[in-house]
Amino acid sequence: MLFSPKKSLQTPLRSASPWLAWLLIALPVLLFASIALRYVENIPWYDDVEMFIVFIQDYYKVDTLHDKIYWLLEPNNEHRILFAKLAALFTYLTTGHMNFRGMTLIGNLFLFFSFGLLYTVFRSMRLSVWAFVPVPFILLHPQYFMTISWSITSLQHPVVLFLSCSVMYLLSRSGRSRFLWAIPLQIFASVSMSNALFGWLSGGVILWRQGHYKRLIIWLVTGVITMILYVQGFTNAQGHGQSLEFLIHKPHLVIIGFLSFIGGSFDILPLLPYQWRGILPTIGGLLLVSTALWLISQMSWPFRRRIAVPDNKSVRAMNNNFFLGCYGLLLINATAVGLLRMRYGYGVMLVSNYMIYPALLICLLYLNGLQEVSQRQRPVWQRIGMVVGLLIWTMSYFWHLPEMLFRNKFVLAAAYNQEHNGIGLGGQVGTFLEGYINTALDGAVKQGYYVFPESPVADFPVSRDPLPAVVRLANEDTYIIEADGPPEPLDLAYAVLQSPDHTYLAPTKTPYRLATFWLRRPSTVLQAELRASDLRTGTYRVGWARSSSAGKSIQFSDKIIIVR
């Protein structure tokens, strides 16, 4: 029998070569930490400007405690982001300026906190450390590189997932003191991102299952009050009425979106068209949901009990409550995403920001399975977990590490363009967003609490040797700039557009194409793109800044771009 609910978890710890298991665990942990430390920059991007720079400006314009609390809790789009704003204040007070790198790394730190929480649950099972080896491979990788490298997403998704899962852990361990700690932590999570509001529902299920009905009433009343207060002051419903209409007319697409979101970790062929790319995530989501429902069905429920007193203190019961609460969080969140986001297009289900959710769900299912499978079948379960973990981990690095490195070059170019041209980190020339972001950043720089990073081509000498280039206009809005690459592999390359008044940089993706990147091949052709709507009026000469083992240089061609 594969699932045996009556066996003991008190399996003696296997001591054979534990150091090798720890080395395997350390590999994905250290590699993940190294890419975060290496490729996170002190650069705001789009929402970061409003969420943090404008927030700091507003926060320090007021003097009363009431007004400061108001700005801390003021909604941003459809979320309150208390933790993110506190992190912004913390980095501002400790470093003296807006430190987006520090803020992003704080968010990444919570991924390791979640990893530690999973290990705490695992240790309660008293299994060999070898059984934990698949978990870091499933959880820590660059598939969600936007969460790793973008301040607002890193201070929302990883943080709130850890806070919410911690609440489920406190509730699962029973005890009055832990319940009393869970309430303020759940309130704090709720006002740090709207997804955490689902914790009131999943936490309530835990308390009901435990038979703590007085605590359940307190929990639900507090949750209702929190939700009522949460929605006060919201003026942007983000078109939720249209989402309901979409559900009524296309319910099958909402179901597909839900399953694809759940199975996002199996998005291992991201270059395929969506109708083919989505097959594996959708099938994977169906398998994960089925596994979760099966594991939940193995748990003891109040309506099944033959005795009146529930078992709340055994390791198995406490862990089951933890897993159940976390499943509730993740599955309800996936339902909300499928319902509210699918109308924007299927691609939203597989956006990098969301990939942490399926990764965490797979970790939970794996650990839950370790607890439920028979001792005889546990090695098979571990091998399945290891195969899944290695598949996700290797494919994630293969596809997404080049993307993460390109994004690093992209935001450096965007910051340069913003600093020198007043546009680059959001908006288009002549739009409201352009003026909003430029005004906020200009004020932050003048007041000394934000400093742009150094130009990525600051030390590149300008060569007099011409470099032939090709310029063409695609889709009436995008300039595509091409030139021959050097004979040796590139370290980096930017297209350079220079007028008497403005200079723009545009990074090339060529060195980050898979074969070129992984095989360290030379880039025979360089290609970069720049939107015409990002350019100020002027006549620009076109060139390239290139760095390789042969040296660094900026070379211009005889091509020009005229923007009127």
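The values are calculated or read from the model by the stated rules, or taken from the named source; none is laboratory data. All figures in this text were calculated on a predicted structure; none of them were measured in a lab. Positions of Cβ are backbone-derived with ideal geometry, glycine not excepted, and every protein chain shown enters the neighbour counts. Surface accessibility is based on the protein's heavy atoms, side chains included, excluding ligands, DNA and RNA. Shrake-Rupley method; radii C 1.70, N 1.55, O 1.52, S 1.80 Å.
Tally the residues that are among the polar types (S, T, N, Q), open to solvent by less than 10 Å² (accessible area, probe 1.4 Å) and over 10 Å from residue 151 (Cβ atoms), restricting the search to the stretch 92-112.
Counting residues in the stretch 92-112 that are among the polar types (S, T, N, Q), open to solvent by less than 10 Å² (accessible area, probe 1.4 Å) and over 10 Å from residue 151 (Cβ atoms) gives 1.
Within the stretch 500-523, track down each residue that is surrounded by fewer than 19 Cβ atoms within 10 Å (Cβ to Cβ), of a type outside the set (A, V, I, L, M) and farther than 21 Å from residue 411 by Cα.
Passing the criteria: 500, 501, 518, 520, 521, 522.
Which residues, taken from the stretch 399-458, are buried (at least 20 other Cβ atoms within 10 Å of the Cβ) and β-branched (Val, Ile, Thr)?
If the condition is that a residue be buried (at least 20 other Cβ atoms within 10 Å of the Cβ) and β-branched (Val, Ile, Thr), then 411, 423, 437, 457 are the ones that fit.
Does residue 174 satisfy the criteria of being outside any helix (DSSP H, G or I), of a type outside the set (Phe, Trp, Tyr), within 19 Å of residue 76 (Cβ to Cβ) and more than 13 Å from the chain's Cα centre (by Cα)?
No, not satisfied.
Tell me, please, whether a residue that is modelled with pLDDT of 95 or more, part of a strand (DSSP E or B) and of a type in the set (A, V, I, L, M, F, W, C) can be found in the stretch 502-519.
Yes - at least one qualifying residue is present in the stretch 502-519.
For the stretch 14-61, what are the residues that are charged (D, E, K, R) and assigned to a helix (DSSP H, G or I)?
38, 47, 48, 50, 58
Confirm whether residue 479 is open to solvent by 20 Å² or more (accessible area, probe 1.4 Å), closer than 23 Å to residue 555 by Cβ and either in contact (Cβ under 8 Å) with a residue 60 or more places away in the chain or in contact with a helix residue (DSSP H, G or I) (Cβ under 7 Å, 6 or more places away or on another chain) (or both).
yes
State whether the residues of the stretch 407-425 include one that is free of Cβ contacts under 8 Å to residues at least 12 places away in the same chain, assigned to a helix (DSSP H, G or I) and out of contact with any helix residue (DSSP H, G or I) (no Cβ under 7 Å at 6 or more places or on another chain).
no
What number of residues within the stretch 250-277 satisfy the criterion of being within 24 Å of residue 366 (Cβ to Cβ) and not in a helix (DSSP H, G or I)?
Matching residues across the stretch 250-277 total 5.
From (1) within 21 Å of residue 351 (Cα to Cα); (2) modelled with pLDDT under 90; (3) open to solvent by 100 Å² or more (accessible area, probe 1.4 Å), pick out the condition that doesn't hold for residue 271.
(2)
For the list (1) out of contact with any Asp or Glu (no Cβ under 7 Å at 6 or more places or on another chain); (2) over 19 Å from residue 407 (Cα atoms); (3) modelled with pLDDT of 90 or more, I need the number of the one condition that residue 476 fails.
If we test residue 476 against (1) out of contact with any Asp or Glu (no Cβ under 7 Å at 6 or more places or on another chain); (2) over 19 Å from residue 407 (Cα atoms); (3) modelled with pLDDT of 90 or more, just (3) comes out false.
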